[in-house]
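Enquirer: Shown below is the structure under consideration.
Every number in this text was worked out from the coordinates using simple rules, so none of it is lab data. It should be emphasised that the depicted structure is a prediction, and the values quoted were computed from it without experimental measurement. Here the Cβ positions follow ideal geometry from the backbone for every residue, glycine too, while neighbour counts run over all protein chains shown.
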C-alpha cells in the first residue's frame, strides 16, 4: 500500500507572524507521521494536480475567510471538485464571518469543518451543517510550551491589524514605560513567496534606520523590525509580563494559553469577542474601547472565576483538538481508497 498523501493548504508562515507560525507548527505536528505537501496561501490553481489527487487536503482557514472574498470562493471550489472525485477535504482552524449565505451552504462539500470560535460555529450550524468547534491552535501551542506566567516585568502592549490602533498602542508604551511586544515577528530568513521577501527587505530597512524610517515605511514594518524573531522567545517575554494590552487575536490566544491577564481592543472582525465567549470570559471586563487606551494604567488580574473558566476551556480545547486530528487520520483511509479505485 502506498503512503497516504496530504496537502496542507494555507501555510501562512510567509507573513512572519507568531500566531501563524504557532498554528502551522501545531497542524504539522498533529498530522504526523505524514509529511504533507505544504502550500502557502489558499490559491491552489498552481498546484491543481496535487490538490485534486491527494488522499486528503487540509485547509488552514485562520482569519482569511470572511466578507465573500475570492479566497473563500477558491477553497469552496477545491472542496467541491474533490467531493466529485470522492476524496476528503477538511477546513480547520477557521473563522467564518460575513460570508454570503450560499457560500456558507457550500461548506457542505467539506468532510470536516472545524470553526475556531463560537460565532463562526453558530453561523455554519445555522445553515444546516454540522461543524465542530476547536479553538485556535495557537492556544494549544502556548499551553504546551512548558512556560508558566511569572510576572517579573512591566505590562506589555501588542500591535493590531489596524495600523492606527498599532500606533496608539506603541505610543501608550512610551508614555507609560511599558514594553512593546508585536505579534509580528522579526524576519531572519525569507520564506517562499513575494510577501516574505518584501517583509524581510523592508523590516531590515526599518531596523537600520530606526525612527528616521517612519515617513517612508508603514507601521507594519516597524512592528516586524522590533518584534522577536522566534516564537519561543516571544512566548517567554509574554509569560514574564504583568499583563498585556493588545489588538491582536493571536496575542489573546497566547495570553489565554499562558494564563496571562490581558485587555483587548476589537480587531477587524468579531473574532476576539467570540473567543472570549468560548473561554467563559466577560468582554465587559476583558475588552476596552479605543478611546479608553490612554486611561489603561494597569491590567486587572484574573479573578478566581476567570481562572476556573480558563482552566476548563483549556482542558476542553485540548480534547477537541485531539479528536479533530483523530478524524483527519481516519479521512486518510477514505482518500486512499478513492485513489486506489
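Enquirer: Between residue 129 and residue 208, what FRET efficiency follows from the Cβ-Cβ distance if R0 is 35 Å, with the result rounded to 0.05?
Expert: 0.10
Enquirer: Let me check I have the definition right: for segment 141-316, take the eigenvalues of the Cα gyration tensor, multiply each by 5, take square roots. What are those semi-axes in whole Å, largest first?
Expert: Ellipsoid half-lengths, sorted descending, are 27, 18, 15 Å.
Enquirer: Determine, for 44, 96, the number of other Cβ atoms within 10 Å of each Cβ, and report the residues in order from fewest to most.
Expert: 44, 96
Enquirer: Please identify which residues in segment 222-255 have an amide N closer than 15 Å to a label point set 7 Å out from the Cα of residue 305, following the Cα→Cβ vector.
Expert: Correct set: none at all.
Enquirer: Where does helix 194-209 land angle-wise versus the long Cα axis of the chain, in degrees 0 to 90, nearest 10?
Expert: So the helix axis and the longest Cα principal axis differ by about 10 degrees.
Enquirer: Rounded to the nearest Å, what's the spacing between the alpha carbon centres of segment 151-177 and segment 60-134? Just the number, please.
Expert: 34 Å
Enquirer: Another question about this same structure. With each run of n ≥ 4 DSSP H residues scored as -39500 (n - 2.57), what mean residue ellipticity at 222 nm is computed for the chain after dividing by its residue count and rounding to the nearest 500 deg cm²/dmol?
Expert: -14500 deg cm²/dmol
Enquirer: Expected output is a single nm value to one decimal: the length gained when fully extending between residue 144 and residue 37, i.e. 0.36 nm times separation in residues minus the C-alpha distance. What is it?
Expert: Contour length minus the Cα-Cα distance gives 36.0 nm.
Enquirer: With axes computed from alpha carbons, what is the tilt in degrees of helix 249-258 against the longest principal axis of the chain, rounded to the nearest 10 within 0 to 90?
Expert: 80 degrees
Enquirer: Once both labels are modelled 7 Å past Cα along the beta-carbon direction, what's the residue 194-residue 167 spacing in nm?
Expert: 2.7 nm
Enquirer: Let me know the shape class of segment 1-43, please: from the alpha-carbon gyration tensor, a ≥ b ≥ c as square roots of the eigenvalues, rounded when a/c is under 1.5, otherwise prolate if a/b is greater than b/c, or oblate.
Expert: oblate
Enquirer: Suppose we take every Cα in segment 1-121 and form the convex hull; what volume per residue is that in Å³?
Expert: Working: hull volume 12.6 nm³, N = 121.
Output value, Cα hull per residue: 104 Å³.
Enquirer: Is the shape of segment 19-58 best called rounded, prolate or oblate, per the rule: a/c under 1.5 gives rounded, else a/b larger than b/c gives prolate, else oblate, with a ≥ b ≥ c the square roots of the Cα gyration tensor eigenvalues?
Expert: Oblate, since a/c reaches 1.5 and b/c is not below a/b.
Enquirer: Mind pulling the angle between the C-alpha long axis of helix 163-176 and the longest principal axis of the chain? Nearest 10 degrees, somewhere in 0 to 90.
Expert: With both axes taken from Cα atoms, the answer is about 40 degrees.
Enquirer: Compute the relative contact order of segment 184-280 as a whole-number percentage, counting only Cα pairs closer than 8 Å that sit 6 or more residues apart in sequence.
Expert: 22 percent
Enquirer: Can you put 117, 11 in order of Cβ neighbours within 10 angstrom, beginning with the fewest?
Expert: 11, 117
Enquirer: Please list 275-286, 81-92 highest first by mean number of surrounding beta-carbon atoms within 10 Å per residue.
Expert: Values: 275-286: 18.2, 81-92: 20.1.
Order by mean packing, descending: 81-92, 275-286.
Enquirer: What percentages, rounded to whole numbers, describe P(r) for segment 199-287 computed over all alpha carbon pairs with 5 Å bin width beginning at zero?
Expert: 3, 13, 21, 17, 16, 16, 9, 5, 1
Enquirer: Mind checking the log10 I(q)/I(0) for the chain at q = 0.06, 0.08 Å⁻¹? Debye, one equal scatterer per Cα, no solvent, two decimals.
Expert: Debye curve over Cα of the chain, log10 I(q)/I(0) at q = 0.06, 0.08 Å⁻¹: -0.21, -0.38.
Enquirer: Let me ask something else about it. Grab the alpha carbons of segment 261-307, take their convex hull, and tell me the volume per residue in Å³.
Expert: That works out to 67 Å³ per residue.
Enquirer: Something else: As a test, work out the antiparallel percent of DSSP beta bridges whose residues both lie in the chain, rounded to the nearest 5.
Expert: Restricted to the chain, the bridges split so that about 5 percent are antiparallel.
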